Ligand code: MG
């Protein structure tokens, strides 16, 4: 029996705060996250957004705990650097709780700060993450009771957060998912307003993950909404039952008018590079759209106060596919039409291509580079001449050399030695692609 994931999400500014410093990430079948930013003058928003965007671009090619941990470190470093480079964002930080799908189909649950991941299994809600907060650590060590913690003046004070230092250690637990499991990722705006019983009741009552997410947010606001509130709900489903259900709904739709499309489920048991496609577009292309539509959908629900399910018609899907095709074609013409040379990734290594032909591999590895650079290189950087391509690679090598830590640390970000000069053609390191 294969397992699949289906997710829903919602976020809201709440009733009191002027802006929403929470952010969320839904990369179907790959990665789910909630980040709760902190810092004045919109810095919290910058920190949480930077974190989810770096995770989005850094995790997925290799799906191991080590790769997940590195992606979190990259995200931490990206926030920390911006806090240093941009004075208006000095001192910003964010929490992070994230669930990554591993190559073996297990789930890795990570936490830094006091956002939480819960598991609802067979009717019982359990908290999978431990808060890094002053009061929760005092509760764990027996210095405070749970009741004292709930009203303690220092209850929002964190003991660990992203972006505060140049490195951070995430707590990571591995979970073997079961059919029927429901995971809940949320910011403290949810768990601080709603007791566990209320959360459990909503998760049990509403089967659609988007509806459950929207209802959790709605009730958190009704209970006070004193903070931003953000929720991601992830369901683990039996793939065979899902296929039968989809086939049945398609057959029914074929008899009626406009067919409706259920939110795509993505298989956990993967072969090869990408998630098993069950009618959904590839995760990388699909995710921004899915995330945005989920968030907008949740807001629409709150405004309209209606439980009507969101329906996506085939016309809308077709329209989006045509738009995407035009976008890709325009990008290819604009970026690559007249530039035969290209610097891009070959496996995990930076390489120079002429057209599609690999000309010069280099020992520079993607995970040594700034996350933004990694994104750029995944697309490919078009250049007019080979000399320009070599200069570009030399610049990357200098960049890597300048950010190398002075001492090797077992807990630091990836520390593969930088090449002395990347323009010297060299094969990828042993074990590389
Ligand atoms: Mg919060």
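The values are calculated or read from the model by the stated rules, or taken from the named source; none is laboratory data. Everything numeric here is computed off the predicted structure, so don't read it as measured data. Glycine also receives a Cβ, built like all others from the backbone with ideal geometry; neighbour counts cover every protein chain displayed.
The table that follows gives values for the structure above.
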| quantity | calculated |
| --- | --- |
| Which numbered condition residue 89 fails, given (1) more than 16 Å from the ligand (Cβ to nearest atom); (2) under 27 Å from residue 203 (Cβ atoms) | (2) |
| Residue match in the range 115-123 (condition: in contact with a strand residue (DSSP E or B) (Cβ under 7 Å, 6 or more places away or on another chain), more than 30 Å from residue 207 (Cα to Cα) and away from the ligand (no atom under 16 Å from the Cβ)) | no |
| From 429, 433, residue being at pLDDT below 80, exposed (fewer than 13 other Cβ atoms within 10 Å of the Cβ) and either in contact with a strand residue (DSSP E or B) (Cβ under 9 Å, 6 or more places away or on another chain) or outside any loop (DSSP other than H, G, I, E, B) (or both) | 433 |
| Boolean, residue 20 is in contact with a strand residue (DSSP E or B) (Cβ under 9 Å, 6 or more places away or on another chain), in a loop (DSSP other than H, G, I, E, B) and within 16 Å of the ligand (Cβ to nearest atom) | yes |
| Residue in the range 142-161 that is surrounded by 15 or more Cβ atoms within 10 Å (Cβ to Cβ) and farther than 23 Å from residue 39 by Cα present | yes |
| Odd one out for residue 221 among (1) within 27 Å of residue 21 (Cβ to Cβ); (2) surrounded by fewer than 15 Cβ atoms within 10 Å (Cβ to Cβ) | (2) |
| Near pairs, Cβ below 7 angstrom, 6+ apart or cross-chain, from the range 154-166 (farther than 20 Å from residue 192 by Cβ) to any residue that is away from the ligand (no atom under 15 Å from the Cβ) | 163/76; 163/79; 163/80; 163/83; 165/80; 166/77; 166/80 |
| Identity of the residue in the range 178-235, away from the ligand (no atom under 14 Å from the Cβ) and part of a strand (DSSP E or B), that ends up nearest to residue 14 (Cα to Cα) | 232 |
